[in-house]
1. Enumerate the pairs (first residue in the range A:161-190 and within 13 Å of chain B (Cβ to nearest Cβ) and farther than 20 Å from A:Asn52 by Cβ; second residue anywhere and among the polar types (S, T, N, Q) and assigned to a loop (DSSP other than H, G, I, E, B)) with beta-carbon separation below 9 Å, excluding pairs fewer than 6 apart on the same chain, so at least 6 apart or on different chains.
2. I'd like to verify a number: residues in the range B:34-61 that are under 25 Å from A:Pro99 (Cα atoms) and either acidic (Asp, Glu) or assigned to a helix (DSSP H, G or I) (or both), how many?
3. Would you please name the residue that is nearest to B:Lys124 (Cα to Cα), looking only at residues in the range B:173-199 that are surrounded by fewer than 19 Cβ atoms within 10 Å (Cβ to Cβ) and among the β-branched types (Val, Ile, Thr)?
4. Being under 22 Å from B:Asp98 (Cβ atoms) and surrounded by 18 or more Cβ atoms within 10 Å (Cβ to Cβ) narrows it down to one of B:Lys202, B:Lys170, so name that one.
5. Identify all residues within the range B:138-179 that are touching a Gly at 6+ places or on another chain (Cβ under 8 Å) and under 21 Å from B:Tyr21 (Cα atoms); write none if there are none.
6. So, in the range A:178-230, how many residues would count as being surrounded by 12 or more Cβ atoms within 10 Å (Cβ to Cβ) and part of a loop (DSSP other than H, G, I, E, B)?
7. If the requirement is being surrounded by fewer than 24 Cβ atoms within 10 Å (Cβ to Cβ), modelled with pLDDT of 95 or more and either under 17 Å from the mean Cα position of the chain (by Cα) or more than 26 Å from B:Thr163 (Cα to Cα) (or both), which of these qualifies: B:Glu15, B:Glu47?
8. Cβ contacts < 7 Å: first residue among the hydroxyl-bearing types (Ser, Thr, Tyr), restricted to the range A:127-141; second residue assigned to a loop (DSSP other than H, G, I, E, B), any location; separation 6+ or different chain. Result?
Amino acid sequence: MNKVFKDAIEATADIKNGAIIMLGGFGLNGIPENCIAALVKHNVCELTCISNNAGVDDFGLGLLLQTKQIKKMISSYVGENALFEKQLLSGELEVDLVPQGTLATSIQMAAMGIPAYFTPAGYGTEIAIGKEVREFDGKMYLMEKAIHADFAIVKAWKGDKAGNLVFRKATRNFSTSMAKAGNITIAEVEHLVEPGEIDPDEVDVAGVYIHRIFQGSNYEKRIERRTTKI
Amino acid sequence: MALDKFGIAKRIAKELKDGMYVNLGIGIPTLVANYIPQDITVVFQSENGILGMGPYPEEAAIDADLINAGKETVTVINGGAFFDSAESFGMIRAGKIDLTVLGAMEVSDQGDIANWKIPGKMVKGMGGAMDLVASAKNIIVAMMHTNPKGESKLLPKCSLPLTGVGCVKKVVTELAVLTITPNGFQLLERAPGVSVEEIIAKTAGKLIVPDFVPEMVIE
């Protein structure tokens, strides 16, 4: 069993036009920078990207918007990206806006093998249109379905060659659920180590979920809003 | 005189009680964290996956791996914890978060809220707002009483696409504190020096006005 790939170019080489891809991260926090750059290089098009946000104009998923490789975005908040707005208004880009908790849970349900579930988020709003509504204990809920993807691409702080991943601070965000939900999951890590170097007590995502792993490089880790103590 | 945004935040801070777990939205709600009474402890949740969110960091302590739901660099307090967004919203849905404070474009006298979309203009997305308003035990809206055109934002019915129905418990504006009752908005307090008549004139939704409306007490 070998899960270790040389780099992002090799790990993403078989992603084809029209693929459905989940990309971990929240804003620019914990995004798979190396794989996004590789997708730009491979120039795969017509992608459906599932990601909480769409990056900013010149970083993160914004890079794939610049090159018009994305056909559809499934996100909860896309307000930081002017290019996105332009492509949306011109009809070049299709968008499904999903409440953030529903997006996270639909991905988690895919990871758990559960096809659908009920949540109160969005009841009585336009996102409820066409969805099954059910009452439990006097409260109204919408049926939401699990969200699956051909590929999940995440970035972790540390990973071992067996695929076990450890995340740092707030970078768990959507990444741990996506890592468990992909039909094929690709993990790029800041530190690739040997099996045994990660304490099993500390594993956030177990190796079974990870199909490909590689040592990432040149992380920019750009900060969207640099706020400091006044 | 009408309050400024800091005054609104100060008034909302008085709603915080010792031991509360609180989620603050972007804008005026974020300012509430600056005015927590000294004698109580509250814990802030950030829905991307932080419990025990602390203040902004010193320049030297900035960590790109640690941001809040507003994408700002933050810190974590002693006793804080990290988790993923799915768990974070599990906490919210399961009622573990005691209070949510968020902004709004419109609130109806039935407690409906609209804050995520203006048709025909840019749609930024709802983020976590729909999940928060559908599940939080207590929801306080922090907003201005009228929009920039001078039109009331407290309406009989929201005109913008809804974020949630029948969920808002209290509204704090630069003019007043109002609670939502089955019979509409009830005026609880007025800003120092603001007349009941001005509040009535600027509230389009159904408004219950008691005989005596005290002034807000803001230090």
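1. So the pair list comes out empty.
2. So the count comes out to 1.
3. B:Thr179
4. Details: B:Lys202 fails: under 22 Å from B:Asp98 (Cβ atoms).
Only one candidate qualifies: B:Lys170.
5. Scanning the range B:138-179 gives B:Val141, B:Ala142, B:Cys167, B:Val168, B:Lys169.
6. So the count comes out to 16.
7. Values: B:Glu47 fails: surrounded by fewer than 24 Cβ atoms within 10 Å (Cβ to Cβ).
Just one listed residue meets the conditions, B:Glu15.
8. If the second residue must be assigned to a loop (DSSP other than H, G, I, E, B), the pairs left are A:Tyr141/A:Pro120; A:Tyr141/A:Tyr123.
The values are calculated or read from the model by the stated rules, or taken from the named source; none is laboratory data. Remember, it's a predicted structure, so these values are computed and weren't measured experimentally. Virtual Cβ from ideal backbone geometry, glycine too; neighbours counted across all protein chains shown.
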